Amino acid sequence: MINKRLLIKNLLAHNDENSFYDKKRKVDISFKEGKAKFLKHICALSNSNPKNNSYILIGIEDKDNKIIGVNFFDDSKIQNLINAYLTNPPIVQYENISFPHLPDNKVVGLVTIRPNGKITSLRKNIWKYYGGSVFFRDGSTSMPKVFDIEIEDVNSEIVAQIEAHAQNNIEYTLDGVLNFMKKREDFNPQYKVFKEYFVLCWSGQKKVVKSNTYYSRVDIELINEQVRLFYSTLDEVTITYDDNSFKILEYVSLGLQNSFKYYELEETIIRFEDNANYTIETKLLFEPPQFDKKVLHHIYNSNNALIDKLKKGLTLTKHEAFDLKNLPATYLICYLNLFHEAIDKLHEAKPYLKNYSPEIYNSYQEVVRILRKVKYS
């Protein structure tokens, strides 16, 4: 089993970006430009590596390879995006890899691209790229090219050596468990061994409501691979497990005018097999809450007025400051109730919320995460 933290270090140590891996400071697929560039790199790396995996590292400074990290990104539906925009899409996996020196909310994003043996191209137009375009890696650059020859296999031996040097061992596993237990000692850390092979650690603030146990500030990590499977400071989740599987049921709190309710968002089941393999299955359970349209019109217009005041640098009243805390969630509710422009208003508000309050900006990021799950399901 590959220790993904070691794999990232080995890729960074090998040399600069090349035809089998790319590195990015950050990736934002919320907007067309960021989505288009991400798809271009997936397409180019897949086409340039017909016999081996290729990789994108996210959260790396380009100049000096410094590991700075990015926010936890739990988009289990990213393959749906790939399938929607690429012909002959490769299998793409996004994983969140913890590093000891990074803050709790930061990880390195590891994108693994598994080739399919066929030429991948854009299925349709996106941003400035035309449908039918085929991209390849030219050194460290993804470039459009006309494909008329067989692709040379130049990287499979090198990548195989890098992956071989990243194999996990018992020392890394034990160190990982001890580090997790120490780091999360204030949040009831636990661990369990599945199939005498897999070690899963998790932690969270526990509370019991009507005989049901919920956790917040949840952190779940598969120690064998140093992969963070779940992290959130905002959600409420339930956790159940047996000897063969570990299930996470995630809830989201939504409501209007100080009346909130928890809604099921997504169920994730990790199944462990006897052959030292595991699978992760996710199922979106979210049913959007419906509200009175007149009330929503009032809230929608009030949100727009708040953003206009922030744009102008005006001071908010105490009541307006309170309403601003709920602005990301209320824009989400408006969007889910067919106020289609609410999503554009939410993205427009991003820089102003970020400057106003870290807490409100965290709420914005949480809403964007929910939208991403709903959109690609």
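The values are calculated or read from the model by the stated rules, or taken from the named source; none is laboratory data. Please read all numbers here as calculations on a predicted model, not as lab measurements. Here the Cβ is made from the backbone with ideal geometry for all residues, glycine too, and neighbour counts use every protein chain on show.
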**OP:** Return the pairs, sorted by first residue and then second, in which the second residue is part of a loop (DSSP other than H, G, I, E, B) and aliphatic (A, V, I, L, M), the first residue lies in the range 151-164 and is within 14 Å of His14 (Cα to Cα), the beta carbons are less than 9 Å apart, and the residues are 6+ apart or on different chains.
**Re:** none
Original post:
Quick one: how many residues across the range 257-280 are touching an Asp or Glu at 6+ places or on another chain (Cβ under 9 Å) and not acidic (Asp, Glu)?
Top reply: 9
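Considering only residues of the range 280-328 that are of a type in the set (Phe, Trp, Tyr) and surrounded by 12 or more Cβ atoms within 10 Å (Cβ to Cβ), which is farthest from His340 (Cα to Cα)? Can you show your working first?
Going residue by residue through the range 280-328, those that are of a type in the set (Phe, Trp, Tyr) are 286, 291, 300, 322.
If we keep only those that are surrounded by 12 or more Cβ atoms within 10 Å (Cβ to Cβ) too, we end up with 286, 291, 300.
Values: Phe286: 18, Phe291: 15, Tyr300: 11 Å.
This residue is Phe286.
Table: residues versus (1) out of contact with any helix residue (DSSP H, G or I) (no Cβ under 7 Å at 6 or more places or on another chain); (2) β-branched (Val, Ile, Thr); (3) under 30 Å from Ala276 (Cα atoms).
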residue	(1), (2), (3)
Lys9	yes, no, yes
Leu12	yes, no, yes
Asn18	yes, no, no
Lys26	yes, no, no
Phe38	yes, no, no
Ala44	yes, no, no
Asn53	no, no, yes
Gly59	yes, no, yes
Asp64	yes, no, no
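Name the residues in the range 265-279 that are in a strand (DSSP E or B), loosely packed, with under 15 Cβ neighbours inside 10 Å and not hydroxyl-bearing (Ser, Thr, Tyr), would you?
Hit for the range 265-279 is Arg271, nothing else.
Could you tell me which of the residues Tyr361, Tyr331 is surrounded by fewer than 21 Cβ atoms within 10 Å (Cβ to Cβ), aromatic (Phe, Trp, Tyr) and either outside any helix (DSSP H, G or I) or not assigned by TED's automatic domain parsing to the domain that holds Phe230 (or both)? Full working, then the answer.
Details: Tyr331 fails: surrounded by fewer than 21 Cβ atoms within 10 Å (Cβ to Cβ).
That would be Tyr361, the only listed residue that is surrounded by fewer than 21 Cβ atoms within 10 Å (Cβ to Cβ), aromatic (Phe, Trp, Tyr) and either outside any helix (DSSP H, G or I) or not assigned by TED's automatic domain parsing to the domain that holds Phe230 (or both).
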Original post:
How many residues are touching a helix residue (DSSP H, G or I) at 6+ places or on another chain (Cβ under 7 Å) and either crowded, with 16+ Cβ neighbours inside 10 Å or modelled with pLDDT of 95 or more (or both) when one looks only at the range 76-90?
Top reply: 7
Subject >> Residue that is modelled with the lowest pLDDT, among those in the range 242-272 that are farther than 21 Å from Lys183 by Cβ and of a type in the set (Phe, Trp, Tyr) >> reply: Phe260
Subject >> Sole residue being of a type in the set (Val, Ile, Thr) and surrounded by fewer than 17 Cβ atoms within 10 Å (Cβ to Cβ), chosen from Ile220, Ile170, Ile162 >> reply: Ile170
Original post:
Hey, among Leu327, Leu332, which residue is in contact (Cβ under 8 Å) with a residue 12 or more places away in the chain, within 22 Å of Asn80 (Cβ to Cβ) and of a type in the set (A, V, I, L, M)?
Top reply: Leu332
Original post:
So which residues in the range 334-351 are surrounded by fewer than 20 Cβ atoms within 10 Å (Cβ to Cβ) and either of a type in the set (Lys, Arg) or more than 20 Å from Pro288 (Cβ to Cβ) (or both), if there are any at all?
Top reply: Lys345, Glu348, Lys350, Pro351
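Taking the condition of being hydrophobic (A, V, I, L, M, F, W, C) and under 17 Å from the mean Cα position of the chain (by Cα), how many residues in the range 39-68 meet it? Can you show your working first?
Looking only at the range 39-68, we keep the residues that are hydrophobic (A, V, I, L, M, F, W, C), and these are 39, 42-45, 56-58, 60, 67-68.
Then drop every residue that is not under 17 Å from the mean Cα position of the chain (by Cα), which leaves 39, 42, 56-58, 60, 68.
Residues that pass the stated criteria total 7.
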